[in-house]
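Student: Supplied in structure tokens, the structure appears directly below.
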């Protein structure tokens with residue numbers, strides 16, 4: 001996708017804002033009913049839609065349910081299948097761990113095992129982050145010859161382990177059995193070049209279980225998402241942008257760093273994000289604002305709470321529009337219908353607003369209203385193209 | 001297309017039904033009028049559409065009129081241009097001839113030649129199928145060293161010849177000159193590896209002309225569509241499905257076998273198909289139901305009779321919905337407008353119904369109503385993706 005535009009880039013100081021309501025797309029609560037977004041009172045979004053080009057997008061492809069990382073890559077203008085990103089990398093980047101080429105990162109959950117070593121709780125009673133940090137510090141005692149091991153807390157029971165050394169690979173299966181009442185799986189190579197890493201992981205787990213033996217409830221560990229750093233060209237290289245990420249949650253900062261965004265580290269909430277946006281306005285030309293809780297409430301299966309989160313973002317919109325961005329995109333990275341309590345493959349509504357767009361007949365922001373918009377259902381990565389075009393950053397093609 | 005989903009497949013027992021009204025798409029009988037489908041009273045299809053995602057599909061591509069075999073390949077989730085199926089193979093599979101890899105099948109027409117051997121009638125006065133069968137039996141006398149020759153009647157003046165032996169290939173040009181007043185062409189190889197088969201075909205024709213010399217009007221033969229069995233991965237391999245075909249007409253059983261479907265052999269009509277569907281419900285997870293006569297009446301140019309066939313299928317729908325399939329797709333394999341008396345390139349309306357879809361504003365099933373649906377005009381092979389997604393057979397992509 002970027003090849004055609006590479007020679008057309010004309011960077012300027014015009015401002016693009018991408019506002020992502022995580023998991024925005026939804027489904028009706030009951031047959032014949034409205035989705036979360038259709039239910040929400042969203043006067044500001046509706047006013048934007050009325051002056052915008054609207055449509056729906058598919059981050060990866062027809063019928064594919066996007067994970068968060070590929071969903072965001074798509075919104076950042078990349079074809080996600082060209083750049084598979086493992087869970088371990090997302091976790092490591094999310095906590096600012098300085099990964100290097102050749103490192104293997106793994107998501108680790110603290111868990112509870114019974115006397116036979118069978119997992120009784122895959123999340124160790126959801127221990128708080130402080131406890132997780134303490135346990136990670138204890139695991140610093142793990143020593144493996146010629147491999148540097150780093151163990152870092154992420155959030156609650158979640159941690160990340162990074163192995164650094166020669167000849168490591170991410171071709172290793174998860175040890176998380178995704179069930180209770182059974183023992184964790186042994187780390188097994190999924191290809192020959194994963195054998196050494198599988199042995200390293202097995203030795204790590206052996207020592208970790210010794211160190212954690214007396215801990216309650218976190219006396220076990222589960223590993224998943226062995227991953228090496230993918231080689232992704234930056235948004236600067238591909239699009240000539242100077243991008244900035246304004247996200248609260250670690251994973252979204254992680255994926256932003258992967259594409260070379262600057263990241264503001266300690267944001268707490270939408271107000272805080274709006275302040276940071278205003279104070280960084282002069283130094284960047286692309287701003288990614290992320291709101292996590294629409295997805296969280298969808299995952300909880302709480303339809304009304306997801307509606308409330310959408311309304312909260314709607315009320316917050318004037319803080320963005322007050323800055324008069326040249327292009328403002330509002331959308332989600334995937335659908336998380338409350339009725340499904342999880343991500344889904346349904347297309348996600350978007351609006352793209354700015355002085356240069358051609359407003360279409362859509363008058364409200366919703367899944368079905370957007371079907372009548374300019375763009376129909378398009379690949380998510382197209383949105384970046386439109387943002388570049390409508391902010392005057394792409395020259396004419398051909399004479 | 002299938003590559004991305006190959007690693008996401010999570011087979012389950014949820015049921016997908018694909019109901020194909022052959023040649024469904026149509027055109028208005030007069031300017032400003034309605035198509036066959038728009039004219040038909042279809043309360044059951046309309047009710048389904050109201051709870052479904054709708055759109056139109058193109059089996060092969062913009063402006064391409066699909067033959068039946070590639071039209072169906074597309075609905076089965078394949079990109080038809082990746083798997084060209086020769087005329088000879090379609091004919092052989094259509095009459096249940098058990099073709100093997102390496103066999104070369106050819107469509108043969110009985111024809112009439114004058115005293116100089118020039119073709120005066122390319123269809124031998126459209127001799128009836130019984131006469132055709134008699135002549136095929138006479139041609140069993142053809143003997144070619146180390147090549148097994150099978151000659152089988154198809155319908156009217158149409159027959160199929162299958163050559164079996166070592167080193168055969170389909171790289172041979174047609175002998176049908178597509179004109180009268182000229183001699184048939186010699187069989188010529190279109191590539192080096194077709195030379196032996198061209199010689200075999202020449203010898204077959206030489207002996208056949210001897211055997212038929214005294215016949216009237218069928219004293220000559222024309223061959224076209226030399227074809228080997230294509231290597232098509234099965235629906236099991238590509239999609240993890242256990243598919244079953246419920247078709248009355250031989251050609252559709254043939255193309256179903258090509259993609260590894262189980263086929264119920266002796267179905268007579270829709271009622272019979274419905275019974276077989278119900279009794280096979282537990283043993284498969286994908287069911288292809290085919291109704292031929294919408295296409296036949298379109299080919300006849302009989303607008304009202306095509307409308308009646310659509311209404312017949314509508315009345316039959318409750319027998320399918322009573323089984324509560326998790327995903328039900330209703331569509332056609334191509335358009336056959338009665339006003340054109342043949343296949344056409346127009347997009348074909350579809351609906352995809354099930355608990356997991358996001359119903360769109362479409363309230364009736366018709367070519368123009370479906371334009372307001374979720375999907376716009378998409379490649380036919382996309383429908384299989386959506387069916388897999390909405391039956392929960394595809395895992396999330398990425399972390």
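Student: Nearest the rotation axis from A to B, which residue of chain A has its beta carbon, and at what whole-angstrom distance?
Tutor: A:376, 2
Student: Output, in nm with one decimal and in ascending order, the distances from the residue B:195 label point to the matching label points of the other copies (7 Å from Cα along Cα-to-Cβ).
Tutor: List, nearest first: 4.9 nm.
Student: Between residue B:41 and the same site in the other copies, what are the distances in nm, shortest first, taking label points 7 Å from Cα along the C-beta direction?
Tutor: The answer, with the shortest distance listed first, is 4.6 nm.
Student: Residues of A:332-345, mean number of Cβ from any other protein chain within 10 Å of their own Cβ, rounded to a whole number?
Tutor: Per-residue shielding by partner chains comes out at 2.
Student: Per DSSP H run of at least 4 residues, take -39500 (n - 2.57); add these up for chain B, divide by its residues and hand me the 222 nm value, nearest 500 deg cm²/dmol.
Tutor: Per the formula, -9000 deg cm²/dmol.
Student: Nearest 5 percent is fine: what portion of the DSSP beta bridges confined to chain A is antiparallel? Present the calculation step by step, with values, prior to reporting the outcome.
Tutor: On the way: 37 of 58 bridges.
In chain A, DSSP labels about 65 percent of beta bridges as antiparallel.
Student: Using only Cα atoms, find the angle between the long axis of helix B:195-212 and the longest principal axis of chain B, and express it within 0 to 90 degrees, rounded to the nearest 10.
Tutor: 70 degrees
Student: Order of B:216, B:306, A:236 from fewest to most other C-beta atoms within 10 Å? Display every interim value, and only then the final one.
Tutor: On the way: B:216 9, B:306 30, A:236 15.
Ascending Cβ contact count within 10 Å gives the list B:216, A:236, B:306.
Student: Specify the inter-centroid distance of region B:301-331 and region A:272-314, based on alpha-carbon positions, in whole Å.
Tutor: Going from one Cα centre to the other spans 46 Å.
Student: So for A:126, B:297, fewest C-beta neighbours within 10 Å to most, what's the order?
Tutor: Arranged by neighbour count, lowest to highest, A:126, B:297 become A:126, B:297.
Student: Here's something else I'd like to know. Roughly what percent of Cα-Cα pairs across region A:245-399 reach past 20 Å?
Tutor: Cα-Cα pairs in region A:245-399 separated by more than 20 Å: 56 percent.
Student: What is the distance in Å between the Cα centres of region A:20-97 and region A:162-239?
Tutor: Going from one Cα centre to the other spans 28 Å.
Student: When A:135, A:37, B:371 are ordered from fewest to most other Cβ atoms inside 10 Å of their Cβ, what list results?
Tutor: The order, fewest Cβ neighbours first, is B:371, A:135, A:37.
Student: For region B:90-228, what Kirkwood radius comes out of the mean inverse Cα-Cα distance, in Å?
Tutor: Hydrodynamic radius (Kirkwood, Cα only) of region B:90-228 equals 14.7 Å.
Student: How far, in nm to one decimal, is residue B:133 from itself in the other copies if the label point is set 7 angstrom along Cα toward Cβ? Shortest first, please.
Tutor: Sorted ascending, the copy-to-copy spacings read 8.7 nm.
Student: Here is a further query. Compute the helix-to-body angle for A:129-138: its Cα long axis versus the longest principal axis of chain A, expressed 0 to 90° and rounded to tens.
Tutor: For A:129-138 against chain A, the angle is about 40 degrees.
Student: Please label the shape of region B:166-210 as rounded, prolate or oblate, based on the square roots a ≥ b ≥ c of the eigenvalues of the alpha-carbon gyration tensor (a/c under 1.5 means rounded; beyond that, a/b larger than b/c means prolate, else oblate).
Tutor: Cα axes put region B:166-210 in the oblate bin.
Student: Report for the protein assembly as shown the percent antiparallel among DSSP-assigned beta bridges with both residues inside it, nearest 5.
Tutor: On the way: 74 of 117 bridges.
Approximately 65 percent, going by the DSSP bridge assignments.
Student: Computed over the Cα atoms, what is the radius of gyration of chain A divided by 2.2 N^0.38 Å, N being its residue count?
Tutor: Chain A yields a ratio of 1.03.
Student: Please state the shape class of the protein assembly as shown: rounded when a/c is under 1.5, otherwise prolate if a/b exceeds b/c and oblate if not, all from the C-alpha gyration tensor.
Tutor: Numbers: a/c = 2.23, a/b = 1.75, b/c = 1.28.
Since a/c reaches 1.5 and a/b is larger than b/c, the shape of the protein assembly as shown is classed as prolate.
Student: Okay, moving on. Just to check, using Stokes-Einstein with a Kirkwood Rh over alpha carbon pairs, what's the diffusion coefficient of region A:1-97 at 25 °C and 0.890 mPa s in µm²/s?
Tutor: Working: Rh = 16.8 Å.
It comes out at roughly 146 µm²/s.
Computed from the coordinates by the stated procedures, all read-outs in this text should not be read as laboratory data. In this text, all values refer to a predicted model and were calculated from it rather than measured experimentally. Neighbour counts are summed over all protein chains in view; Cβ atoms, including those assigned to glycine, are modelled from backbone coordinates with ideal geometry.
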